[in-house]
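Beneath this line is the structure, given in structure tokens, with notes to follow.
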Amino acid sequence: MNSSMHWLGVAAIGLLVGFLAGLFGKGGSAIATPLLHAVGVPAIVAVASPLPATIPSTAVAGAAYWRSHLLDKQVLAWSMAFGGPAAIVGAIATRWIPGTALVKATDVIVACLGIRFLLFPTHRREVVTEARGYRLRLATVATIVGLASGLLANSGGFLLAPLYLAVLRLPIKVAFATSLAVATVLALPGTIVHAALGHIDWAVVAVFGATSTPLSYLGARVGLRSNARHLERIFGAALTILGLTFLLAH
């Protein structure tokens, strides 16, 4: 592939992923990985390089939600306590798992999440419940997402928001706000481990981050003003198409 076209592709992916990440309270790495691989970025680099770029983009998008007082501090604290160590374990495990397998896993997860959003929208779950075992569910969600974050070299946001909605029954915009905060933190240990393993191309990080960060704030502002039902349906359709397309391509 022509070098200039390659970098234009990385920049364009950053624009798209940044906007969607801010819009739906997710880091965006899960979407970025198959897209970057499609424009010629090697598999393990496509898996790992979006991760450090999600740190500024999730922080910037999160600021828009946090100023609206939507952050659940209890969920944030427990998610960091259990998710951080799990992310380190998952990242270390990538030494023995091929990059192509991780890309394929990301494709499957993206497609499944898209179908889930389409068939079982979460926007109806607007009431927080204090059922017995809430903290156990919270710790379980954080650990699972942390492991996935480390293994798939993403900040975990693509799983956090849906699980916060489905398992913890948080209001949808609280789930988005808290997901962005946790994703910012979970990206740190994974970035350190993957950098030490030589999986990150910092040129890809720079180009991707330069375009995704400002668009993530714009996406968050649009999300705060938009109808959750319509946005979730559109996002589910987009994820389904992307996931299935890349599964067939890979």
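The values are calculated or read from the model by the stated rules, or taken from the named source; none is laboratory data. Small disclaimer: the values here were computed from a predicted structure and weren't measured. Glycine also receives a Cβ, built like all others from the backbone with ideal geometry; neighbour counts cover every protein chain displayed.
Worth a mention:
- Given (1) touching a Pro at 6+ places or on another chain (Cβ under 9 Å); (2) among the β-branched types (Val, Ile, Thr); (3) closer than 25 Å to residue 137 by Cα, number of the condition residue 44 does not satisfy: (3)
- Restricted to segment 153-250, the set of helices (runs of 4 or more DSSP H) holding at least 1 residues that are of a type in the set (A, V, I, L, M, F, W, C), at pLDDT below 85 and touching a Gly at 6+ places or on another chain (Cβ under 6 Å) comprises 157-166, 172-196, 228-249.
- Only one of the numbered conditions (1) surrounded by fewer than 19 Cβ atoms within 10 Å (Cβ to Cβ); (2) touching a residue at least 40 places away in the same chain (Cβ under 8 Å); (3) over 15 Å from residue 148 (Cβ atoms) is violated by residue 64, and that is (1).
- Of everything listed in (1) within 24 Å of residue 109 (Cα to Cα); (2) at pLDDT 90 or above; (3) more than 14 Å from the chain's Cα centre (by Cα), the single unmet condition for residue 8 is (1).
- Selected residue (criterion: modelled with the highest pLDDT) from residues of segment 115-142 that are surrounded by fewer than 16 Cβ atoms within 10 Å (Cβ to Cβ), of a type in the set (Val, Ile, Thr) and within 17 Å of residue 76 (Cβ to Cβ): 140
- Taken over segment 64-78, the criterion of being of a type in the set (Gly, Ala, Ser) and either modelled with pLDDT of 90 or more or at positive phi (or both) is satisfied by 77 alone.
- One residue stands out among those in segment 45-61 that are out of contact with any Leu (no Cβ under 7 Å at 6 or more places or on another chain) and either surrounded by fewer than 19 Cβ atoms within 10 Å (Cβ to Cβ) or farther than 22 Å from residue 214 by Cβ (or both): the one that is modelled with the highest pLDDT, which is 56.
- Of the residues making up segment 194-250, those that are polar (S, T, N, Q) and either in contact with an Asp or Glu (Cβ under 6 Å, 6 or more places away or on another chain) or under 23 Å from residue 45 (Cβ atoms) (or both) are 211, 212, 213, 216, 245.
- Of all residues in segment 29-55, those that are of a type outside the set (A, V, I, L, M, F, W, C) and within 13 Å of residue 182 (Cα to Cα) total 1.
- Check on residue 96, surrounded by fewer than 22 Cβ atoms within 10 Å (Cβ to Cβ), modelled with pLDDT of 80 or more, more than 17 Å from the chain's Cα centre (by Cα) and farther than 26 Å from residue 214 by Cβ: yes
- Residue within segment 17-39 that is aliphatic (A, V, I, L, M), within 20 Å of residue 138 (Cβ to Cβ), in contact (Cβ under 8 Å) with a residue 12 or more places away in the chain and not in a helix (DSSP H, G or I) present: no
- Entry remark, segment 178-211: residues being surrounded by fewer than 19 Cβ atoms within 10 Å (Cβ to Cβ) and either within 18 Å of residue 11 (Cβ to Cβ) or more than 17 Å from the chain's Cα centre (by Cα) (or both) number 9 in total.
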